[in-house]
1. Can you send over the carbon and sulfur percentage of the accessible area for the range 60-139, probe radius 1.4 Å, protein chains only?
2. Could you state the accessible area per residue of the chain in Å², with a 1.4 Å probe and every protein chain left in place?
3. Would you mind getting the Kirkwood hydrodynamic radius of the chain from its Cα pairs, rounded to one decimal in Å?
4. Taking GluC sites (Glu not before Pro) as exposed when DSSP calls them loop (any state but H, G, I, E, B) and at most 15 other Cβ atoms lie within 10 Å, what is the longest stretch of the chain free of them, the sites themselves excluded?
5. Helix-derived [θ] at 222 nm for the chain: sum -39500 (n - 2.57) over DSSP H runs of at least 4, divide by residue count, nearest 500?
6. Distance between the C-alpha centers of the range 71-141 and the range 5-63? Whole Å please.
7. Can you list the residues of the range 97-141 with backbone N under 13 Å from a point 7 Å past the Cα of THR66, pointing along Cα to Cβ?
8. So, in nm, how far is label LYS79 from label ILE109 when the simple model puts each one 7 Å beyond its Cα toward the Cβ?
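The values are calculated or read from the model by the stated rules, or taken from the named source; none is laboratory data. Everything numeric in this text was worked out from a predicted model, so none of it was measured. Here the Cβ positions follow ideal geometry from the backbone for every residue, glycine too, while neighbour counts run over all protein chains shown. The protein model used for the area step is the full one, side chains on, heavy atoms only, and it has no ligands, DNA or RNA in it. Shrake-Rupley method; radii C 1.70, N 1.55, O 1.52, S 1.80 Å.
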Amino acid sequence: MKSDKKELVTRTGVSFDPELLIKFDKWIEEKGFPNRSEAIRYIIREYLVKTDIEQNPQMEVVGTLTYIFDNHNFDSSAKLTELQHNNDNLIISTMHAHVSHELCLETTILRGKYHELQKFKDDILSFKGVLTGDIVIASIK
Ligand code: NI
């Protein structure tokens, strides 16, 4: 059954200097937001969630860690696999792609406490042969 209850919103005004507003409108257009309100809400939500997670390292989160490594310059891919096995409590799934003759890309879906995911990220990204990578984390509360 559809609810007749309307979502309440509060209107507020934001002052911009013209230069910042031009840049913001350009960004809004590039990203495809339908209007400034949607863009501002998105930015605030992102910021609040990020701040909340960073201030609560024990918070249960989900995320993906994506990294590229040089398969030739790798002292042992077995060590990387061992590192993954040692963190099997965090790893939901891993996908591996051979992106070129030398390079491999892996994306790992993770679930655990924020600080555990950060530690895993640091362990992987500091590994010999890993060239670049990043983690995306989201709250699940
Ligand atoms: Ni590969």
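1. Values: 2290 of 4490 Å².
About 51 percent, which is the carbon plus sulfur part of the accessible surface.
2. 75
3. On the way: mean 1/r = 0.0545 Å⁻¹.
Taking the inverse mean of 1/r over all distinct Cα pairs, the chain comes out at 18.4 Å.
4. Details: sites that count: GLU7, GLU102.
With GluC sites (Glu not before Pro) excluded where exposed in loops, the chain gives 8-101 as its longest stretch.
5. Values: 4 runs with 56 residues, N = 141.
Helix-only estimate at 222 nm: -13000 deg cm²/dmol.
6. So the two Cα centres are separated by 30 Å.
7. The answer is 97, 105-109, 132-137, whose backbone nitrogens lie closer than 13 Å to the label point.
8. 3.0
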